[in-house]
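Accompanying notes for the structure given below.
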Amino acid sequence: MVEKRDQQFFDGFMILVGVFVGLIAGVLMLGDLVGDGGPGESAEAHAAIIERIAPVGQVALAGDPSLAAAPTPTPVSPAPTPAAAAVAQRSGQQIYQEACALCHDAGVGGAPMISDPAAWAPRLAQDRAVLEDHVINGFQGNVGLMPAKGARADLSDDDVLAAMQHMLDTASQ
Ligand code: HEC
């Protein structure tokens, strides 16, 4: 009696063990199939996955050799704008204040005053090249001495001409 029950238990136990071993083997095989490097995965599919999960951008510090291959941004050449013209005008006015106002605001030494259009009318009637020459190189006129560049040798021709333009614009208003 006792021996038969033991035998029945042993049979049942062995069946259970068999089921477990089968389950474990099945899980292992399934894991192998699903997981990375499974027999069904081609090199192509693998590369596609690497590409999909690749980072969107990479950080490169200045001096990184990989930067040599990167396209350098082309600098945008500044187009002449009304704002730029305004700046040039303002700087002409500034130069006038610095270098010319001393004589031309109050008429010192017979200088034609910026606020006196009548004094400028005959000068404006001259050739523009004459005016430019008188301002850059100076001249001794009938009323007084206009020093070369207003005695500001540090100014460029363009600076002096910008200041002159400011004077002429103001005087002819
Ligand atoms: C030291 C005083 C003095 C300073 C500074 C001076 N000028 Fe004069 N400028 C004169 C005098 C004086 C005349 C008139 C000369 C004459 O006609 O006899 C004159 C004349 C001129 C004329 C008329 C020229 C012509 O052919 O009729 C222009 C334009 C002029 N100056 C521009 C300038 C500008 C621009 C500056 C500043 C960069 C300047 N001046 C600084 C004294 C000065």
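The values are calculated or read from the model by the stated rules, or taken from the named source; none is laboratory data. Since we're looking at a predicted model, the values are computed, not measured. Positions of Cβ are backbone-derived with ideal geometry, glycine not excepted, and every protein chain shown enters the neighbour counts. Quick note on the areas: whole protein, heavy atoms, side chains included, nothing else; ligands and nucleic acids left out. Shrake-Rupley method; radii C 1.70, N 1.55, O 1.52, S 1.80 Å.
Separation of segment 1-25 and segment 89-132, taken as the distance between their Cα centroids, equals 119 angstrom. Using the Cβ-Cβ distance between ALA25 and ARG5 with R0 = 30 Å, the FRET efficiency computed as 1/(1 + (r/R0)^6) comes to roughly 0.45. When the residues MET14, MET113 are ordered by accessible surface, computed with a 1.4 Å probe over the protein chains alone, the sequence from largest down reads MET14, MET113. Overall, the accessible surface of segment 82-171 at a probe of 1.4 angstrom is composed of carbon and sulfur to the extent of 58 percent.
Between the beta carbons of ALA68 and ASP158, assuming R0 = 35 Å, the FRET efficiency works out to 0.30 to the nearest 0.05. In segment 111-150, Cα pairs under 8 Å separated by at least six residues give a relative contact order of 31 percent. ASP127 contributes an accessible area of around 100 Å² to the protein surface, as traced by a 1.4 Å probe with all chains present. Rounded to the nearest Hz, the phi-derived 3J(HN,Hα) couplings of segment 151-162 under the Karplus curve 6.51 cos²θ - 1.76 cosθ + 1.60 (θ = phi - 60°) are 6, 10, 5, 6, 7, 7, 4, 4, 4, 5, 5, 5, where x marks glycine and proline. The dipole here belongs to segment 82-171: it is taken about the Cα centre, uses +1 on the Cβ of Lys and Arg and -1 on the Cβ of Asp and Glu, and is about 120 debye. Converting phi to 3J(HN,Hα) with the Karplus coefficients 6.51, -1.76 and 1.60 and the offset θ = phi - 60°, segment 21-28 yields 4, x, 4, 4, 4, x, 4, 4 Hz in sequence order, with x at every glycine or proline.
When each pair of different Cα atoms in segment 82-171 is counted once in the 1/r mean, what is the Kirkwood radius in angstroms, to one decimal? When all Cα pairs of segment 82-171 are included, the Kirkwood radius is 13.1 Å.
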